[in-house]
Amino acid sequence: MSYLSYVAMFGAAVTIFLWLRDARVFFRTGLPGYRKAAYWGVVYGAVSTLGVVFTINSQELLGLGIILGALYLQGRIVREKIWGNSDGVLERFLGSVPINRANKK
């Protein structure tokens, strides 16, 4: 196994982490941009996992290209601005937002 396999695994883990963060923000706020990002995160997580399979099977450049493409497309989804300049890096990293559901009665 090449060192690029570890890079691919890390890239896939980042893709899945970003998907779970978007899902957490959607469940806490109900914002439609994060709903779309959470749905598409499932697809991009599967694509990046496919990239890991290609990387492990000695097609490193193709696999890493697939993973980078998934990360790029995941970042292109338009989301609402929910964090201001005063919020910390850890809050943004973990996706912690106050619960404010749009469909709350």
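The numbers here are math on the coordinates, done by the rules we state, and not lab data. Computed from a predicted structure; not experimentally measured. So basically every Cβ, Gly included, is an ideal-geometry build from the backbone, and we count neighbours across all protein chains shown.
Run through all the Cα pairs of the chain and give the fraction in each 10 Å bin from 0, expressed as whole percent.
Over the chain, the share of Cα pairs per 10 Å bin runs 16, 39, 27, 14, 3, 0 percent.
Nearest 10 degrees is fine. How inclined is helix 3-29 to the longest principal axis of the chain, computing both from alpha carbons?
Orientation of helix 3-29: about 20 degrees from the principal axis.
Considering the options Gly33, Met1, Val14, tell which one lies farthest towards the positive end of the dipole of the chain, charges being +1 on Lys and Arg and -1 on Asp and Glu at the Cβ, about the Cα centre.
Towards the positive end, the residue furthest out is Gly33.
So for Ile66, Ile16, fewest C-beta neighbours within 10 Å to most, what's the order?
Ordered from fewest to most neighbouring Cβ atoms within 10 Å, Ile66, Ile16 come out as Ile16, Ile66.
Would you calculate the separation in nanometres between label points at Tyr6 and Tyr39, each defined as 7 Å from the Cα along the Cα-to-beta-carbon direction?
A separation of 3.9 nm, rounded to one decimal place.
Given Cβ point charges of +1 (Lys, Arg) and -1 (Asp, Glu) and nothing else, what value in debye, to the nearest 20, does the dipole of region 3-79 about its Cα centre take?
About 460 debye.
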